[in-house]
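Chemist: The structure that follows is given in the form of structure tokens.
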Amino acid sequence: VVENETQAAIVRSLCRAGVPLSRQRLGSELRLGRNTLGAELRRLAELGLVEEGDAEPSNGGRPSRRVRIPRDAGLIAALDIGGSSIDVAVTTLTSEVIAAASAPSLLADGPETVLSRAYTLVDELLDEHGLGADAIRAVGVGVPGPVWEQAGDTFSPPAPSRWDGYPIRAAVAERFSTPTFVDNDANVMAIGEHLRGAGRGVDDFLFVKLGMGIGAGIVSGGRLVRGAVGGAGELGHVVVEPGSDVVCPCGNAGCLQAFVGGPGLARAAEAAADDGSSPELRAIREQKQAPLEPADLAAAATAADPAALAIVRAAGRRFGSALAATVSLLNPALIVLGGGIVGLGDTFLAEIRTTVYRQSLPLATRNLPIVRTELGAGVGVIGASAAAAQHALFSVPTYDRTSA
Ligand SMILES: [Zn+2]
């Protein structure tokens, strides 16, 4: 698509920025002389990948014209595959969501079934917007577990399953005939938050996803920390209750996510409805005629139900305690929380903050904001799109996938 590494670097910089950049800024960022930059920009304009924007406000000198990626330069399909649902989006090359859709889907159904559902959702979105499949120039995928690059980007969910060893990147790349990037969902979300959310300009931060499972994307010195086999940041499997009889899908007992992940919270809510300690949760269950979910717990806590509030506070303390250990280890400048469980509300967040500030080294928490994602429920697809633009689209074979 592009003709050389200089052109690729220009397009990546513009995707990364997401806003028009002046020629001056591009030139200094990429260390390109005015003539070289001008020639490559002309060529990229002919290829339809950049266009002239407005002039940068002048501060005395000659105004520098800004360049940007045209909206019709191509699209990215972003797939956020979760434990119980799939979110997909079609975005511009700068991660602006054009259309999005979700569907329930169990990870345990296996790769062929889950991926074919995701493909159908993408096809429907393209149809609805009168777009052809050839408009997709890259695909980004987030999956709920470690991704091992050396094994051909295979993904290992915590419990043994048919995903083990499945060549997910190769399969998706073949289906769309495009460059494809696959990584752990928390890593992909950290990339999205770094480029488009609360992590902009912050080179040391943690993104923690709290959903069915719990995982962290670690950005340190501006780089994503992936670990030896892609398993860094598996915070959900830190044992917080040794000797507990609550078994996690990973096989260990007492893992953090067995208590603070979606199924753990639902179990606690059910117990409080069963034993009558929460009249509110019992009423909600009777009304919906279905098992309780974390959202019901949030509703009962908002209604000031004491048992529901106690569950939410205990979850915040447990999670905060594990996070405090991470803070002492990594000394991040910012912690961003995303995923459905963050919807438990302000009490949950307040309990997390108090616990982290109390249990970490004072030096590490002197200035440590703990905030919700700025990208909302779209953080997974925006992150997958941004990661695809940085690491798959227009990349050269030696791309460095650690840069966040
Ligand atoms: Zn576990």
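The values are calculated or read from the model by the stated rules, or taken from the named source; none is laboratory data. Computed from a prediction, not measured in an experiment: that's the story for all the values here. With ideal geometry, Cβ positions are generated from the backbone for all residues, glycine too; neighbour counts draw on all protein chains shown. The area values use the complete protein model at the heavy-atom level, side chains included, leaving out ligands, DNA and RNA. Shrake-Rupley method; radii C 1.70, N 1.55, O 1.52, S 1.80 Å.
Chemist: In whole percent, how big is the carbon plus sulfur part of the accessible area of the chain, probe 1.4 Å, protein atoms only?
Modeler: On the chain, the fraction of accessible area on carbon and sulfur atoms equals 52 percent.
Chemist: Within the range 91-118, what residues put their amide N at less than 16 Å from the label point 7 Å along the Cα-to-Cβ vector of A133?
Modeler: Taking a point 7 Å out along Cα→Cβ of A133, the residues of the range 91-118 whose backbone N falls under 16 Å are 115-118.
Chemist: Can you pull out the trypsin sites (Lys or Arg not before Pro) in the range 14-62 that DSSP calls coil and that have at most 11 other Cβ atoms within 10 Å? Before the final figure, lay out the partial values.
Modeler: Details: sites: R16, R23, R25, R31, R34, R42, R43; in loops: R31.
In loop regions of the range 14-62 (DSSP not H, G, I, E or B), the sparsely surrounded trypsin sites (Lys or Arg not before Pro) are R31.
Chemist: On full extension of the chain, what length is gained from L106 through T302, given 0.36 nm per residue of separation minus the C-alpha to C-alpha distance?
Modeler: Values: separation 196, 0.36 × 196 = 70.56 nm, distance 2.92 nm.
Fully extending the segment from L106 to T302 adds 67.6 nm.
Chemist: Under the rule of -39500 (n - 2.57) per DSSP H run of 4 or more residues, summed and divided by the residues of the chain, what mean residue ellipticity at 222 nm is obtained, to the nearest 500 deg cm²/dmol? List each step's numbers first, then the result.
Modeler: On the way: 14 runs with 166 residues, N = 404.
Calculated at 222 nm, the ellipticity per residue is -12500 deg cm²/dmol.
Chemist: Relative contact order of the range 126-283, please, whole-number percent, based on alpha carbon pairs below 8 angstrom and at least 6 residues apart. The partial results should precede the final answer.
Modeler: Working: 263 pairs, mean separation 25.2, N = 158.
Taking the mean separation of contacting Cα pairs over the length of the range 126-283, I get 16 percent.
Chemist: I've got another one for you. How would you order 228-236, 247-255 from highest to lowest mean count of nearby Cβ atoms within 10 Å? Spell out each step's value before the answer.
Modeler: Working: 228-236: 20.0, 247-255: 18.0.
Ranking, from highest mean packing down: 228-236, 247-255.
Chemist: Give me the distance in nm between label points sitting 7 Å out from Cα along the Cα-to-Cβ direction at S277 and A253, one decimal.
Modeler: Once both label points are built, they end up 2.0 nm from each other.
Chemist: With just the Cα atoms defining each centre, how far is the range 122-153 from the range 314-370? Give it in Å.
Modeler: One Cα centre to the other: 33 Å.
Chemist: As a test, work out the antiparallel percent of DSSP beta bridges whose residues both lie in the chain, rounded to the nearest 5.
Modeler: Numbers: 33 of 52 bridges.
Around 65 percent of the beta bridges assigned by DSSP in the chain are antiparallel ones.
Chemist: Sorted from largest down, what three extents in whole angstroms do the Cα atoms of the range 1-73 have along their principal axes?
Modeler: Projected onto the principal axes, the Cα atoms of the range 1-73 cover 38, 25, 20 Å.
Chemist: I need the Kirkwood Rh of the range 1-160: take the reciprocal of the average 1/r across all distinct C-alpha pairs and report it in angstrom. Write down the numbers at each step before the final one.
Modeler: Working: mean 1/r = 0.0558 Å⁻¹.
For the range 1-160, inverting the mean 1/r across all distinct Cα pairs yields 17.9 Å.
Chemist: With a ≥ b ≥ c taken as the square roots of the eigenvalues of the C-alpha gyration tensor of the chain, please select rounded if a/c is under 1.5 and otherwise prolate if a/b is larger than b/c or oblate if it is not? Each step should come with its number before you reach the end.
Modeler: On the way: a/c = 2.04, a/b = 1.65, b/c = 1.24.
Prolate.
Chemist: Would you mind calculating the relative contact order of the range 234-304 from Cα pairs under 8 angstrom and at least 6 residues apart, reporting the percent as a whole number?
Modeler: 21 percent.
Chemist: Counting alpha carbon pairs within less than 8 Å and at least 6 residues apart, what relative contact order, in whole percent, applies to the chain?
Modeler: Working: 822 pairs, mean separation 69.5, N = 404.
Computed over the chain, the figure is 17 percent.
Chemist: Oh, and also: Given the options V219, V143, F176, identify the residue whose Cα lies farthest towards the positive end of the charge dipole of the range 87-220 (+1 on Cβ of Lys, Arg; -1 on Cβ of Asp, Glu).
Modeler: Checked the options; the winner is V219.
Chemist: Next up: Considering only G82, P369, L106, whose Cα is most displaced toward the positive end of the charge dipole of the chain, charges sitting on Cβ of Lys, Arg (+1) and Asp, Glu (-1)?
Modeler: About the Cα centre, the residue reaching furthest to the positive side is P369.
Chemist: Here's another thing I want to ask about it. Translational diffusion coefficient, Stokes-Einstein: compute it for the range 138-210 using the Kirkwood radius over C-alpha pairs as Rh, at 25 °C and 0.890 mPa s, and state it as an integer in µm² s⁻¹. Intermediate values should be presented prior to the final figure.
Modeler: Values: Rh = 13.2 Å.
For the chosen part, D equals 186 µm²/s.
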